[in-house]
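First the structure, in the form of structure tokens, and then the observations on it.
The values are calculated or read from the model by the stated rules, or taken from the named source; none is laboratory data. None of the values given here were measured: they were computed from a predicted structure. Cβ placement follows ideal geometry from the backbone for every residue including glycine, while neighbour counts extend to all protein chains displayed.
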Amino acid sequence: MFILMIAFYLQEHYEPYETEALNDLEKKSIICAAITIYCGLYFLTDSIDNTGKLAFFLIIVIVNLYFLITWGLGLFFSFAEKGARTQPIFFRKWCKCWPEIWRSADRVLRK
């Protein structure tokens with residue numbers, strides 16, 4: 001747990017990734033790992049009954065599903081943002097319904 005706290009602090013302080021979406025995704029992954037480990041420790045003990053184990057299991061599953069969905073969306077948005085910077089004409093033409101990406105591509109074209 002101490003290593004996860006250090007990792008979260010370093011991620012929060014330095015934000016080493018290129019996009020904000022990837023930095024946020026890394027923070028969420030560290031939080032997800034911490035919750036999974038913490039709940040997993042209680043899940044493996046014999047001091048709680050089956051109802052408590054089921055509750056901790058559900059917390060683990062829900063947190064990991066949330067992270068998996070967030071990871072998929074974050075990865076998609078990150079690639080779209082990077083694509084708008086590298087292929088602005090394509091993204092300006094095809095992403096008119098997505099104003100943030102369209103504006104990002106438009107900024108690159110105006111430079």
Take the residues in region 40-86 that are over 30 Å from Arg107 (Cα atoms) and among the polar types (S, T, N, Q), then tell me which one is surrounded by the fewest Cβ atoms within 10 Å (Cβ to Cβ). Ser47
Show the residue pairs meeting these rules: Cβ distance below 6 Å; 6+ apart or different chains; first residue within region 3-26 and free of Cβ contacts under 8 Å to residues at least 24 places away in the same chain; second residue outside any helix (DSSP H, G or I) and acidic (Asp, Glu). Asn23/Glu15
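Being among the charged types (D, E, K, R) and farther than 28 Å from Arg85 by Cβ is the filter here; which residues of region 1-55 pass it? Explain how you work it out, then say what you get.
We begin by selecting, within region 1-55, every residue among the charged types (D, E, K, R); these are 12, 15, 18, 20, 24, 26-28, 46, 49, 53.
Answer for region 1-55, where residues must be among the charged types (D, E, K, R) and farther than 28 Å from Arg85 by Cβ: Asp46, Asp49, Lys53.
Considering Phe43, Phe57, which residue is among the aromatic types (Phe, Trp, Tyr), in a helix (DSSP H, G or I), more than 11 Å from the chain's Cα centre (by Cα) and modelled with pLDDT of 95 or more?
Values: Phe43 fails: modelled with pLDDT of 95 or more.
Going through Phe43, Phe57 in turn, the sole match is Phe57.
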